[in-house]
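K.L.:
Following this message is one structure expressed as structure tokens.
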Amino acid sequence: MPSSAPTLRRITVLSGGVGGARFVQGLLHGLRTGVVPGGSAATEVTVIANTADDWWIHGLKVCPDLDTVMYTLGDGIDVERGWGRREETWSAKTELEAYGVEPTWFGLGDRDIATHLVRTQMLEAGFSLSQVTEALCRRWQPGVRLLPMTDDRVETHIAIADPEAPSGRRVVHFQEYWVRLRAEVPAETVLVVGQDAATPAPGVLEALGETDLVVLPPSNPVVSVGTILGVPGVRDALHATPAPVVGVSPIVGGSHVHGMARQLLTSIGVEVSAAGVGAHYGARSGGGVLDAWLVDEGDADQVSRLEETGLRARAVPLMMTDHDATAAMAAAAVELVSGATA
Ligand code: GDP
Ligand code: CA
């Protein structure tokens, strides 16, 4: 490890679900094994998670991104599926279907339901989502401080074309767009309901202001990182933080690795490329939120274009194939802003 690297006491990550969780898992691995310059097992990591995917279903409050981070880091995730609990069973879902209860396309596993029952009961008893998340994490011990972006209800909806609707379009909840429609129909508009009136959850602004590094992991730029940045106060906190801000591209070679970033970037008019997303976030020197942006080695030809926008940029392998590969990505992100590159 280069001795010139500044000590990283605290790192703050803005995360969606699967991409963000896997990145943080690799980051923690890299901190423990000493490959992240300036970091160590003592580095405190705070994860601010997107909550705009949340919804109420069968009377339960479900928070997919918070749970994906919690289960992934707490070793309870179904690794193959990428979401939900390992060794899951589906009896409750089958019984609901037998009653003809809609929607039948959203899978809630039996083990997972226990999490949603605890959460829903605590919310109904008057606890905030932050307090509930802290309580759930007492079981899972994710090794990070996990904060929802806000305690307020914020939900992403997607407008799609529907020739049968009088207006020619229909607005569906993010979960319907993703799970039922599999993001196969073009998204016309992304509406983040409740966002303007939301306030950052306790600890969010402090975690951005009082940290040694902020990382935007390879999470969806529109419906994960974009919704966190849209909570009033968060973007300003990123502008103001004395810590460097570095991001990792979720777009590799002209498309997303998994998910639907391509469809949603198109709907907001952003070029689907590593450079397009980097420029969309923008350099802090030009009013954006980033100081540096990592792109995949296959997108190396985009580095100079990014540098022209005022960002530090570098091309390295960005596929999270295992913990070591992901730890190397985290190390490269730190090196890019600490000047510790060999
Ligand atoms: P979600 O909430 O479960 O959709 O998860 P996130 O928003 O955190 O992450 C989804 C993003 O992660 C997608 O845009 C993917 O392209 C990206 N992603 C997933 N796996 C990888 C990977 O191995 N490398 C990179 N660079 N991006 C990835
Ligand atoms: Ca998500």
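The values are calculated or read from the model by the stated rules, or taken from the named source; none is laboratory data. Only a predicted model underlies this, so the values are computations on that prediction, with no experimental measurement involved. Using ideal geometry, Cβ is built from the backbone for each residue, glycine included, and neighbour counts are taken over all protein chains shown. Only protein heavy atoms, including side chains, enter the accessible area calculation; ligands, DNA and RNA are left aside. Shrake-Rupley method; radii C 1.70, N 1.55, O 1.52, S 1.80 Å.
K.L.:
By what distance, in whole Å, do the Cα atoms of the chain stretch along each of the three principal axes, largest value first?
P.N.:
Computed over the Cα atoms, the extents are 63, 46, 36 Å.
K.L.:
May I ask you to compute the full-extension gain from Glu297 to Arg262, defined as 0.36 nm times their residue separation minus their alpha-carbon distance, rounded to one decimal in nm?
P.N.:
Length gained between Glu297 and Arg262: 10.7 nm.
K.L.:
Among Leu117, Trp56, Phe127, whose Cα sits farthest toward the positive end of the charge dipole of region 55-148 (+1 at Cβ of Lys/Arg, -1 at Cβ of Asp/Glu, about the Cα centre)?
P.N.:
The residue sitting farthest along the positive end of the dipole is Phe127.
K.L.:
Turning to a different aspect of this structure: Quick one: grab the alpha carbon gyration tensor of region 55-148, order the square roots of its eigenvalues as a ≥ b ≥ c, and give me rounded if a/c is under 1.5, else prolate or oblate depending on whether a/b is larger than b/c.
P.N.:
oblate
K.L.:
Which of the peptides 195-201, 294-300 is most tightly packed, and how do the rest follow, judged by the mean count of other Cβ atoms within 10 Å per residue?
P.N.:
Numbers: 195-201: 17.1, 294-300: 20.3.
Ranking, from highest mean packing down: 294-300, 195-201.
K.L.:
Please list, in order along region 325-334, the HN-Hα scalar couplings obtained from phi with the Karplus expression 6.51 cos²θ - 1.76 cosθ + 1.60 (θ = phi - 60°), rounded to whole Hz, x for Gly and Pro.
P.N.:
5, 6, 4, 5, 5, 4, 4, 5, 5, 5
K.L.:
Work out the charge dipole of the chain with +1 on the Cβ of Lys and Arg and -1 on the Cβ of Asp and Glu about the Cα centre, then indicate which of Pro142, Ile251, Ala187 is farthest towards its positive end.
P.N.:
Going by the Cα projections, it comes out as Pro142.
K.L.:
Also: Report the extension gain between Arg235 and Val101 in nm, rounded to one decimal, defined as 0.36 nm multiplied by the number of residues separating them, less their alpha carbon distance.
P.N.:
Values: separation 134, 0.36 × 134 = 48.24 nm, distance 4.08 nm.
Working it through step by step, the gained length comes to 44.2 nm.
K.L.:
Hey, any idea what % of region 203-256's accessible area is carbon plus sulfur with a 1.4 Å probe?
P.N.:
Of the solvent-accessible surface of region 203-256, carbon and sulfur hold 53 percent.
K.L.:
Give me, ordered by chain and number, the residues 5 or more places off Arg145 or on other chains with an amide H under 5 Å from its own placed amide H.
P.N.:
When sequence neighbours closer than 5 places are left aside, the close amide H contacts are Val45, Thr46, Val47.
K.L.:
Sequence gap at least 6, Cα distance under 8 Å: using those rules, report the relative contact order of region 55-148 to the nearest whole percent. Could the numbers behind the result be given before it?
P.N.:
Working: 97 pairs, mean separation 29.3, N = 94.
The normalised contact order for region 55-148 reaches 31 percent.
K.L.:
May I ask you to give the percent of accessible area on region 258-301 that is carbon plus sulfur, with a probe radius of 1.4 Å?
P.N.:
Its accessible area is 47 percent carbon and sulfur atoms.
K.L.:
In debye to the nearest 20, how big a dipole does region 55-148 give about its Cα centre with +1 on each Lys and Arg Cβ and -1 on each Asp and Glu Cβ?
P.N.:
360 debye
K.L.:
On a 0 to 90° scale, report how tilted helix 110-124 is relative to the longest principal axis of the chain, with both axes built from alpha carbons and the result rounded to the nearest 10.
P.N.:
Roughly 90 degrees between the two axes.
K.L.:
Can you work out the Karplus-derived ³J(HN,Hα) for every residue in region 207-218? Use 6.51 cos²θ - 1.76 cosθ + 1.60 with θ = phi - 60°, whole Hz, and x for glycine or proline.
P.N.:
5, 7, x, 10, 8, 9, 6, 10, 10, 9, x, x
K.L.:
Out of the total accessible area of region 55-148 (probe 1.4 Å, heavy atoms of protein only), what percent is carbon and sulfur?
P.N.:
Carbon-and-sulfur percentage of accessible area, whole number: 53.
K.L.:
If you find the alpha carbon centre of region 292-313 and of region 16-51, how far apart are they in angstrom?
P.N.:
23 Å
K.L.:
Roll a 1.4 Å probe over the protein chains and send me the accessible area per residue for the chain in Å².
P.N.:
42 Å²
K.L.:
Further, regarding this structure: Specify which residue in the list His280, Val303, Ala237 is farthest towards the positive end of the charge dipole of region 232-310, using unit charges on the beta carbon of Lys, Arg (+1) and Asp, Glu (-1), about the Cα centre.
P.N.:
My answer, from the dipole projection, is Ala237.
K.L.:
What ranking, highest mean first, results for peptides 306-312, 12-18 when packing means the other Cβ atoms within 10 Å averaged over each residue?
P.N.:
Values: 306-312: 18.4, 12-18: 27.7.
So the peptides 306-312, 12-18, ranked by packing, come out 12-18, 306-312.
K.L.:
Ok, one more. Taking the Cα centre of the chain as the origin, how large is its charge dipole in debye, to the nearest 20, when only Lys and Arg (+1) and Asp and Glu (-1) carry charge on their Cβ atoms?
P.N.:
Here the size comes out at about 460 debye.
K.L.:
Report, to the nearest 10°, how far helix 129-140 tilts away from the longest principal axis of the Cα atoms in the chain, using its own Cα long axis and a range of 0 to 90°.
P.N.:
80 degrees
K.L.:
For Arg169, what residues show an amide H to amide H distance below 5 Å, using hydrogens built from the backbone and excluding near sequence neighbours?
P.N.:
Counting only residues 5 or more places away or on other chains, the set is Asp162.
K.L.:
Please report how far the C-alpha centroid of region 117-136 lies from that of region 183-204, rounded to the nearest whole angstrom.
P.N.:
Region 117-136 and region 183-204 have Cα centres spaced 21 Å from each other.
K.L.:
Let me ask you something else. Taking amide H positions as placed 1.01 Å from N in the peptide plane, with prolines and chain starts having none, which residues 5 or more places from Glu188, or on another chain, fall under 5 Å of its amide H?
P.N.:
HN-HN under 5 Å from Glu188: Ala159, Ile160, Ala161.
K.L.:
Moving to a separate point now. Compute the relative contact order of region 201-336 as a whole-number percentage, counting only Cα pairs closer than 8 Å that sit 6 or more residues apart in sequence. Numbers along the way, then the final one.
P.N.:
Values: 228 pairs, mean separation 27.5, N = 136.
This gives 20 percent for region 201-336.
K.L.:
Between region 245-269 and region 62-103, what is the C-alpha centre distance in whole Å?
P.N.:
Centre-to-centre (Cα) distance: 25 Å.
K.L.:
If contacts are Cα pairs under 8 angstrom and at least 6 residues apart, what is the relative contact order of the chain in percent? Intermediate values should be presented prior to the final figure.
P.N.:
Details: 720 pairs, mean separation 67.5, N = 342.
Relative contact order comes out at 20 percent.
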